[in-house]
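The values are calculated or read from the model by the stated rules, or taken from the named source; none is laboratory data. For clarity, every value in this text was computed on a predicted model and none was experimentally measured. Here the Cβ positions follow ideal geometry from the backbone for every residue, glycine too, while neighbour counts run over all protein chains shown.
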Amino acid sequence: MYKVYSYTSTNSSNNKMMKAKIVSIVVIFHMTLLNMVNAQTPVYQDANQPIEKRIESALSLMTLEEKVAMCHAQSKFSSRGVPRLGIPEIWMTDGPHGIREEVFWDQWDGAKWTNDSCTAFPALTCLAASFNPEISSLYGKSIGEEARYRNKGVLLGPGVNIYRTPLNGRNFEYMGEDPYLSSRMVVPYVQAVQQNGVAACVKHFALNNQEKDRMGINVEVSDRALYEIYLPAFKAAVQEGKAWSIMGAYNQFRGQHCCHNDLLLNKILKNDWQFDGAVISDWGGVHNTEQSVYNGLDLEMGTSTNGLTTDGTSPYSEYYLANPYLQGLKSGKYSEKELNEKVTRLLRLIFRTTMAANRPFGKYVSPEHSEAARKIAEQGIVLLKNDKQTLPIPVGKYRRIAVIGDNAVRSLVVGGGSSSLKVAYEVSPLEGLKAKYGAETIAFSKGYSADLDDRKPESKTVADSLLAAAVATARNADVVIFVGGLNKNWFQDSEGDDRKSMALPYNQDKVINALMATNKNLTVILCSGNAVEMPWLSQVPALVQAWYLGSEAGNAIANIISGEVNPSGKLPFSFPKKLEDNAAHSFGQMSYPGDGKKQEYKEDILVGYRWFDTKKIVPQFPFGYGLSYSTFEYGKMSADKKEYAKTDIVKVVFTVKNTGKTDGAEIAQVYMSQPKASVVRPVKELKAFKKVYLKAGETQTVELELKVKDFAFYNDKTQTWDVEPGEFVLCNAASSANIKSKVSISVK
Ligand code: BGC
């Protein structure tokens, strides 16, 4: 309120008094004004104030009930803000390949909005196969813009669980088998998403490396494998990417569920890595109030509440971190310390996203996003075999092209679990090829079929007739393109369970053999997020790994097949010849899939190529492998010194020359080995890579820097990262199985 004074002055003492009174009026006036401004903009609402001050301010105004209400879901994909204080709710979305459609408040079903059809970006295996951190940044920027436009505060992705077995139904959502590659690729994704004022939620922390029995299986793994293989990508996302949130995994680790796991969340994530973001549970991953209070969880999502999750009452109040928590706080069982810590992190998340200053506005299904999706797809497609230059197939070369296969026409963005998308559009391989070569040039036959709803293959009669029709189509064609692989059906590349075997499903081996017997000019394109058995490989002249490519799938495939774009992806995981060759499968049931309750990662640190190399097992296709329509020649690598200190950086240099007739890109890799060590070390470990663009005939010098400290192994006795002095061998390579030259250095 303004205070009003009236004065009449008659003498000098009166004058003095009056002066004093005027001063006090002015002061009071100013203070009142200031209070009014403050009343209008409390500190927590002032986006120009430091975030920690805003948190302090909001926290001081909140009731116990309001605090608890923030720590659990209020709907399938949102959690409560503080309505009384104008602090908004947190809205989340899957992730990681596009922005999920809106679902009903309390159900998984799509809510049938008409404004939520998104751009589908390629699956993360494809992104990893690009070996290009810049393209990962483009991915993060684009999907972040879509999330922002849809008013989401948290994007539930990216996923960086390590590819341990080709049976894992969710490998397509992750970035392959190598901790270094996935670390380099996840950081720019996270950073670019968050530049939109949208939090990345890196998932699933940790050791969710299979879908089978995922809700409860207790994973036992050595400290060394944990730190060297399974954690680095999460650590990079947190420390370099500065991820604002992380999602706990469903499984258990050393006897505690990962969503409330003291070692993973308190010790490693929050203490050792100094993570200052929010830990969000996986949907239904919380099982216990006390552990949730103490073991590092901040926000509980998706808990099933004994049937109350359908409409009506307020079942969210029954969550482990809802009423049971509130009661415990009121009875004195829990102190407010942990609660304030959780709310602090959730407020920080809100102030970084929805209440951030200068938050951009995003955009949705824009031409730039289509272009980004296509570029990422083109950079990730891997040419695995190309005998007698079967590919490319230039436009106009053939009059009749047969396209065979269910995946040429099936939607590969729908299904697969939480990453399923409702898209604005999806160009199928058939549509892309027709657009490229002309519809009149293309004859399509399905060859095989897999019904998405029944999750069963067609009957034998249907299978036989589909096969016969495909053979007839192939017979009349100059060239045959088979588009098969896996799909997003249950027990394929899908969340919730694993594949039953490594074989191609739905009669496809038989179809490929029959096509080969009919027309030898055959290219096989596999869409999948996993390795498959290839009993027909020696017969088939050309093979392309095309992942799941999203909205622009058909265009990207057609650009590669026609040669308009030169393939430049390399495999982010090894393709074994048979399942038993894979490390996790070499130790019987307890290693994979476990006995339903427990499993032991018996291969320890020897995951992926580390296993194939060390055990001298030849894979079908090695990690880091991929061809181009061009050829590349590597020069001998040299290092800047002979001897290094543990804190030094090794600078290596070598040339790469495009010796072919086509412009293209080569992914040059540098691996490190330690021939003599006090512990088992893999034959080699990836330590650097670079995608080099070279015009036909061009030579470039590649310079890479390797930190000696990154040559360390994790010593589980002392819990330290140790670099043992002695000899290290570095090699430049075109894949993990194609070494070009070696240089020996010593570390003192
Ligand atoms: C998945 C998560 C996903 C969540 C929300 C869970 O089943 O494991 O990756 O983000 O559902 O859809």
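Observations on the model:
- Among residues of the stretch 636-648, those that are surrounded by 14 or more Cβ atoms within 10 Å (Cβ to Cβ), in contact (Cβ under 8 Å) with a residue 24 or more places away in the chain and in a loop (DSSP other than H, G, I, E, B), counted: 3
- Of the residues making up the stretch 577-610, those that are assigned to a helix (DSSP H, G or I) and hydroxyl-bearing (Ser, Thr, Tyr) are Ser586, Tyr609.
- For Thr93, the criteria (1) of a type in the set (Ser, Thr, Tyr); (2) away from the ligand (no atom under 16 Å from the Cβ); (3) out of contact with any Asp or Glu (no Cβ under 8 Å at 6 or more places or on another chain) hold in every case but one, which is (2).
- Of the residues making up the stretch 315-349, those that are within 22 Å of Phe275 (Cβ to Cβ), touching a strand residue (DSSP E or B) at 6+ places or on another chain (Cβ under 6 Å) and assigned to a helix (DSSP H, G or I) are Arg345, Leu346, Leu349.
- Looking only at the stretch 649-664, and only at residues there that are assigned to a strand (DSSP E or B) and of a type in the set (D, E, K, R), the one that is surrounded by the fewest Cβ atoms within 10 Å (Cβ to Cβ): Lys651
- In the stretch 331-388, residue farthest from Pro133 (Cα to Cα) [restricted to those that are of a type in the set (Val, Ile, Thr) and touching a Pro at 6+ places or on another chain (Cβ under 6 Å)]: Thr354
Each row is one residue, and each column tells you yes or no for (1) crowded, with 18+ Cβ neighbours inside 10 Å; (2) assigned to a strand (DSSP E or B); (3) of a type in the set (A, V, I, L, M); (4) touching a residue at least 60 places away in the same chain (Cβ under 8 Å).
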| residue | (1), (2), (3), (4) |
| --- | --- |
| Glu666 | yes, yes, no, yes |
| Val670 | yes, yes, yes, yes |
| Lys691 | yes, yes, no, yes |
| Ala696 | no, no, yes, yes |
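- Which listed residue is of a type in the set (A, V, I, L, M, F, W, C) and in contact (Cβ under 8 Å) with a residue 60 or more places away in the chain, from Val462, Val423: Val423
- Close pairs (6 angstrom Cβ cut-off, 6 or more residues apart or separate chains): touching a residue at least 40 places away in the same chain (Cβ under 8 Å) in the stretch 80-94, more than 16 Å from the ligand (Cβ to nearest atom) and acidic (Asp, Glu) anywhere: Gly81/Glu89
- When each of Asn487, Asn507 is tested for being within 20 Å of Ser459 (Cα to Cα), crowded, with 20+ Cβ neighbours inside 10 Å and at pLDDT below 95, the lone residue that passes is Asn507.
- Summed over the stretch 235-252, the residues that are within 16 Å of the ligand (Cβ to nearest atom) and either over 16 Å from Asn208 (Cβ atoms) or free of Cβ contacts under 8 Å to residues at least 60 places away in the same chain (or both) give a count of 8.
- Options Leu412, Leu421; residue that is crowded, with 22+ Cβ neighbours inside 10 Å, away from the ligand (no atom under 16 Å from the Cβ) and assigned to a loop (DSSP other than H, G, I, E, B): Leu412
- Qualifying residue in the stretch 434-443 (condition: surrounded by 24 or more Cβ atoms within 10 Å (Cβ to Cβ) and under 23 Å from Lys510 (Cα atoms)): no
- Residue count for the stretch 187-224 under the criterion of being more than 15 Å from the ligand (Cβ to nearest atom) and of a type in the set (A, V, I, L, M, F, W, C): the result is 5.
- Scanning the stretch 323-352 for residues being acidic (Asp, Glu) and buried (at least 19 other Cβ atoms within 10 Å of the Cβ) gives a total of 1.
- Residues (touching a helix residue (DSSP H, G or I) at 6+ places or on another chain (Cβ under 6 Å), within 14 Å of the ligand (Cβ to nearest atom) and of a type in the set (A, V, I, L, M)) located in the stretch 121-164: Ala123, Leu124, Leu155, Val160
- When Tyr180 is tested against the conditions (1) in contact (Cβ under 8 Å) with a residue 60 or more places away in the chain; (2) touching a helix residue (DSSP H, G or I) at 6+ places or on another chain (Cβ under 6 Å); (3) surrounded by fewer than 24 Cβ atoms within 10 Å (Cβ to Cβ); (4) not small (Gly, Ala, Ser), the lone failure is (2).
- Among (1) surrounded by fewer than 23 Cβ atoms within 10 Å (Cβ to Cβ); (2) within 16 Å of the ligand (Cβ to nearest atom); (3) at pLDDT 95 or above; (4) within 17 Å of Tyr320 (Cα to Cα) - the single one Val279 does not satisfy: (1)
- Output for the stretch 475-499, where each listed residue is away from the ligand (no atom under 16 Å from the Cβ), in a loop (DSSP other than H, G, I, E, B) and in contact (Cβ under 8 Å) with a residue 60 or more places away in the chain: Asn476, Ala477, Asp478, Asn487, Asn489, Phe491, Gln492, Arg499
- Checking the stretch 171-179 against the condition returns a match, with at least one residue being farther than 22 Å from Lys267 by Cβ, among the aliphatic types (A, V, I, L, M) and away from the ligand (no atom under 14 Å from the Cβ).
- For the stretch 525-576, the set of residues classified as charged (D, E, K, R) and either touching a Lys or Arg at 6+ places or on another chain (Cβ under 6 Å) or not in a loop (DSSP other than H, G, I, E, B) (or both) consists of Glu552 only.
- All positions within the stretch 350-378 that are part of a helix (DSSP H, G or I), touching a residue at least 24 places away in the same chain (Cβ under 8 Å) and not acidic (Asp, Glu): Ile350, Phe351, Arg352, His369, Ser370, Ala372, Ala373, Arg374, Lys375, Ile376, Ala377
- Output for the stretch 54-80, where each listed residue is basic (Lys, Arg) and touching a Phe, Trp or Tyr at 6+ places or on another chain (Cβ under 8 Å): Arg54, Lys76
- Pairs with Cβ under 7 Å, 6+ apart, first in the stretch 104-132 and in a loop (DSSP other than H, G, I, E, B), second loosely packed, with under 14 Cβ neighbours inside 10 Å: Phe104/Ala111; Asp106/Thr310; Asp106/Asp311
- Among the residues of the stretch 706-748, those that are within 25 Å of Thr631 (Cα to Cα) and not in a loop (DSSP other than H, G, I, E, B) comprise Leu730, Cys731, Asn732, Ala733, Ala734, Ser735, Asn738, Ile739, Lys740, Ser741, Lys742, Val743.
- Meets criteria (assigned to a loop (DSSP other than H, G, I, E, B) and free of Cβ contacts under 8 Å to residues at least 40 places away in the same chain) for Lys520: yes
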